[in-house]
Amino acid sequence: MENTLTVSHLTKTYKDFTLDDVSFQVPRGSICGLIGENGAGKTTAISAMLNIITPDSGDIRILDMDYREDEKKIKQRVGVVLDELNQIPHLYCKDIDTIMKKIYSSWDSRLFFQYLEKFKLPQKKKVKELSKGMNVKLNFAVALSHNAEFLILDEATSGLDPVMRDDILQLLQEFVLDENHSVLLSTHITSDLDKIADYIIFMHEGNIQFIKSKEDIENNYGVLQCRNDFFEALSPDDYCAYIKEEYSVKVLVHHKQELLRHFQDLVIERASIEDIMLFYIKGVII
Amino acid sequence: MTGLIHRDLLISFRRLGKMSYIMEAVYFFFFLLFFKNAYGALTFFLLLAPINMSGLPNTMKEIDSNYKGMRAARLLPYSKKDLVKGRFLSALFNQLFYVAEMVLFAVCHHFIKGGISWVTYLLFIAGGWLVGIFMTAVNLLVSFTTGFNASAIIYLITVIAVGAGYVLFLFTGVKTGILAQISSLNTAWIFIIACCFDILILLASYIISIKCFDKTL
């Protein structure tokens, strides 16, 4: 499958944090969720992709181009929404069109004003007069109005109410209806990824813990709550992580169907992305 | 590049707001109508206009520091070098507005007051612009090499230094028969030397700014 983004052996060392030999891909036409606790390295990885920081080693290819040599070409075709990075507050919404049409070769003013209308953003209002949610919507309008093929979103929906988040998620789903479009969505709100992601990349302490398709997670992963004696009876091959509680054990299984064939009375709950993330961070990994 | 220049100019224009331009008009008419002798014109051309025309780097530094303006610019399809170049060009393009204002002032002053030749007006405008370019070059350099507070302080220092230089200029020997003296000086050489000095400062400022900016963000 063709990849929109290929990150290979990306390493960046700071005094108190290392992004350690990170490699992953975003397949064309997919929505990839990048998850991990605060400080896991998600924003560092995204900053490297955008050439905002210089990695110590590693290679990044976006839309089949080198992220450093072809930075300008790449950024013409990539839309970016970063947390807390809004448009300049003194500008009017309509000013953004005036500026961007001189910056992006494929800027579509008509589309931009359509988004403003769709998001109910007044053209003659200053950015500083917009609410947080409206600012996020304006950022999305900008990111989507230059015919971007790849969206990079870093905590772009954080702080939004569920209704607005749902609107944005719908927008992303519409965006990937074009099979040449892809999205990398870094977020803490894993429930959003449960709804729309095709792949999940889980980062923990500067490393990639796993990369899985959501289909794989839905079909094969499950959470089993069992007594200690039952847990002892299980083979370590049956599960991938567990959390011991006072009187029971919570087990993350990764061959749900196989286990259900052996133990037909077992109740294995669906494992959400948040469950898996918690197991990998708080639990014992096999 | 036009996109970056447009961005900086529009942001600066919106940031300064109407009040700033009203004050500009007030100063313009004050020096034109109420303080209309030769010193009024001198003050407008050599002090007020250069200070006003060199404000963009500081305004943009404030936007960069307080509203992550430069971080937002890094997401745009430009290299780091382009961003520095764009800021320098914006600052220089911004000066054209003030040069036009000086020309307008000279024309109005000539018809209202008279007594100053067109050549002298031209020398005033060129002198003011050269001072403005020097101040802009210094402030651009500072905006790329220091933080917002240091940048604001150094901008203030350049304003005070230019003000002090102007006062010294008025209250030293040059004061007597100032217009005659300016006309009789070998102005061509003075301006060639001043232009070379400005170009050197501007180039040095540009090269150092690119090197410093490359290490940040």
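Just so you know, all these numbers are worked out from the coordinates, no wet-lab data involved. Since we're looking at a predicted model, the values are computed, not measured. A quick note on method: Cβ atoms are made from the backbone with ideal geometry, for glycine too, and the neighbour counts reach across all protein chains shown.
Electrostatic bookkeeping for residue A:51 treats Lys and Arg as +1 and Asp and Glu as -1; over the other residues with beta carbon under 9 Å from its beta carbon, the sum is +3.
Rounded to the nearest 5, what % of DSSP beta bridges with both residues in the range A:131-226 are antiparallel?
55 percent
Expressed as a whole number of Å, what is the distance separating the alpha-carbon centroids of the range A:72-133 and the range A:152-202? Here the answer is 19 Å between Cα centres. Counting only DSSP beta bridges whose two residues both lie in chain A, roughly 65 percent are antiparallel. Note on the range B:2-215: lysine pairs with Cα distance below 29 Å, sequence gap of 8 or more or different chains, count 23.
Shape class of the range A:221-285 from the alpha-carbon gyration tensor: oblate, with a/c at 1.5 or above and b/c at least as large as a/b.
Rounded, prolate or oblate for chain B? Axes are the square roots of the Cα gyration tensor eigenvalues, ordered a ≥ b ≥ c, and the cut-off for rounded is a/c under 1.5. It comes out prolate by the Cα gyration axes.
Here's the list of lysines a cross-link from residue A:120 could span, going by alpha-carbon distance under 23 Å and ignoring same-chain residues fewer than 8 apart: A:94, A:101, A:128, A:132, A:137. By the rule of a C-alpha distance below 29 Å, with chain neighbours fewer than 8 residues away ignored, the lysines paired with residue A:256 are A:195, A:212, A:214, A:244, A:282. Applied to the range A:66-76, the Karplus parametrisation 6.51 cos²θ - 1.76 cosθ + 1.60 on θ = phi - 60° returns per-residue 3J(HN,Hα) values of 6, 5, 9, 5, 10, 3, 5, 5, 4, 5, 5 Hz, with x for Gly and Pro. Of all beta bridges that DSSP places with both ends in the protein assembly as shown, some 65 percent have antiparallel geometry.
Take every pair of alpha-carbon atoms less than 8 Å apart whose residues are at least six positions apart; their mean separation over the length of the range B:2-215 yields a relative contact order of 30 percent. Taking a sphere under 12 Å around the Cβ of residue A:140 and counting the other residues whose Cβ falls inside, with K and R at +1 and D and E at -1, yields a net charge of +1. Per residue, the average separation of C-alpha pairs within less than 8 Å and at least 6 apart gives the range B:19-109 a relative contact order of 38 percent.
Sequence-distant contacts, meaning Cα pairs under 8 Å at least 6 residues apart, place the relative contact order of chain A at 21 percent. Which shape class, rounded, prolate or oblate, goes with the protein assembly as shown when its Cα gyration tensor gives a ≥ b ≥ c as root eigenvalues, a/c under 1.5 marks rounded, and past that a/b bigger than b/c marks prolate? It is prolate, given that a/c is not under 1.5 and a/b is the larger ratio. Computed over neighbours whose Cβ is under 15 Å from that of residue A:61, the net charge equals -3, Lys and Arg +1, Asp and Glu -1. Averaged over peptide A:79-89, the number of partner chain Cβ atoms lying within 10 Å of each residue's Cβ comes to 4. Taken about its Cα centre, the range A:3-213 carries a charge dipole of roughly 960 debye when the Cβ of each Lys and Arg holds +1 and the Cβ of each Asp and Glu holds -1.
Taking DSSP loops as anything outside H, G, I, E and B, show the longest stretch in chain A free of trypsin sites (Lys or Arg not before Pro) there with at most 11 other beta carbons within 10 Å. Between exposed loop sites, the widest span is A:125-286. Going toward the positive end of the dipole of the range A:3-213, with +1 on Lys and Arg Cβ and -1 on Asp and Glu Cβ, which of A:38, A:189, A:134 do you reach last? Positive-end residue among those listed: A:134.
Here the range B:1-56 and the range A:1-61 have alpha carbon centers that stand 47 Å from each other.
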